[in-house]
Amino acid sequence: MNFPSHVNLPADAREELIDSLNTLLADSIDLHWQIKQAHWNIRGKHFYSRHELFDELAKHARKQADEFAERAGTLGGYAEGTIRLAAKNSELPEYDLQAVDGDAHLRALVDRFARYGASIRNGIHRSEELNDPVTADLLTQSLGEVELDLWFLESHLHGDVRATARRGADAGDDAGTRPPNA
Ligand SMILES: [Fe+2]
């Protein structure tokens, strides 16, 4: 379902942009609650600082969800933002429900942030192709936040070969998420 819009873009371009924003909305809602899952269930060394860090990162994903939903609305779209719609539409795998110690949570979150960032980067390219610099700019700002948060997460895993190997394996053919040595 879409709404009338006077934004000066062809209807088919708006429709594709809305679909892409709704997918990113689902990803961001899913990621927000996955980060909260880590925030609530982390145990072990550095508990307090990691518990607090995860809460900060969850706020960023929540803000991005709001921005993606409102851009979809601005383009005349219906924002698909309930928990059930997000669960259905998210591209992210379910959280690692076996994770307990801090590093297991960090590895799970690094993986999810890398996937989320790759999807946003694809969204930037497509927005540029569809001549929508406003969506491209919004997504570029979001990607900057996501990559900064990813740095905060993966810096905790410095020297952990499992984190690097996992990201390399999961990044597939998307050069945007491939670590330099993969
Ligand atoms: Fe909390």
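Can you pull a Stokes-Einstein diffusion coefficient for segment 11-177 at 20 °C (1.002 mPa s), Rh from Kirkwood over Cα pairs, as a whole number of µm²/s?
Details: Rh = 16.2 Å.
Using the Kirkwood radius from Cα pairs, D works out to 132 µm²/s.
Starting from the amide H of Gly77, placed 1.01 Å from N in the peptide plane, find each other amide H under 5 Å away whose residue is 5 or more places distant or on another chain.
Amide H to amide H, under 5 Å and 5 or more residues apart or across chains, Gly77 pairs with Phe3.
Calculate the length of the line joining the C-alpha centroid of segment 77-104 to that of segment 54-69, in whole Å.
13
How much mean residue ellipticity at 222 nm does the chain get from its helices, if each DSSP H run of length 4 or more adds -39500 (n - 2.57) and you divide by all residues, to the nearest 500 deg cm²/dmol?
-24000 deg cm²/dmol
From the residues Thr140, Gln34, Val100, which one has its Cα farthest along the dipole of the chain in the positive direction, the dipole being from +1 and -1 charges on Cβ of Lys/Arg and Asp/Glu about the Cα centre?
Result: Val100.
Starting from the Cα of Leu97, step 7 Å along the direction of its Cβ; do the same at Glu56; then give the gap between the two resulting points in nm.
Those two pseudo-labels are separated by 3.1 nm.
Could you work out how far helix 102-129 tilts from the main Cα principal axis of the chain, as a 0 to 90 degree angle to the nearest 10?
20
Within segment 28-89, report the GluC sites (Glu not before Pro) that DSSP leaves as loop and that have at most 16 other Cβ atoms within 10 Å.
On the way: sites: Glu52, Glu56, Glu67, Glu70, Glu80; in loops: Glu80.
Answer by residue number: there is no such site.
Under the Karplus relation 6.51 cos²θ - 1.76 cosθ + 1.60, θ = phi - 60°, what is the ordered set of whole-Hz ³J(HN,Hα) values for segment 19-33, x standing for Gly and Pro?
Result, ordered by residue: 4, 5, 5, 5, 5, 5, 4, 4, 4, 5, 5, 4, 4, 3, 6 Hz.
With every protein chain left in place, what is the accessible area of Asp149 in Å² (1.4 Å probe, nearest 10)?
10
Please report the net charge: other residues with Cβ closer than 11 Å to the Cβ of Ile124, K and R +1, D and E -1. Let's see the in-between values first.
Values: positive: Arg121, Arg126; negative: Glu128, Glu129, Asp132, Asp137.
Overall, the nearby charge balance is -2.
Along the Cα-to-C-beta direction of Tyr78, a point sits 7 Å from the Cα; which residues of segment 1-29 have their amide N less than 11 Å from that point?
Answer for this model: 1-3.
Identify, among Leu75, Gly123, Val110, the residue whose Cα sits farthest towards the positive end of the charge dipole of segment 11-177, taking +1 on the Cβ of Lys and Arg and -1 on the Cβ of Asp and Glu, with the dipole about the Cα centre.
Val110
From the protein chains alone at 1.4 Å, what is the descending order of accessible area for Arg62, Arg107, largest first? Numbers along the way, then the final one.
Numbers: Arg62 145, Arg107 40 Å².
The residues order as Arg62, Arg107, largest area first.
Stretched out fully, how many nm does the piece from Ser155 to Lys63 gain, at 0.36 nm a residue minus the Cα gap?
On the way: separation 92, 0.36 × 92 = 33.12 nm, distance 2.32 nm.
Here the answer is 30.8 nm.
Rank Val110, Val7, Val100 by accessible area, highest first, at a 1.4 Å probe radius? Write down the numbers at each step before the final one.
Values: Val110 5, Val7 50, Val100 85 Å².
Listed by decreasing accessible area, they come as Val100, Val7, Val110.
The values are calculated or read from the model by the stated rules, or taken from the named source; none is laboratory data. Fair warning: this is a prediction, and the values are worked out from it, not measured in the lab. Methodologically, a virtual Cβ is constructed for each residue, glycine included, from the backbone with ideal geometry; neighbour enumeration extends over all protein chains shown. Note: areas computed on protein heavy atoms with side chains; ligands, DNA, RNA excluded. Shrake-Rupley method; radii C 1.70, N 1.55, O 1.52, S 1.80 Å.
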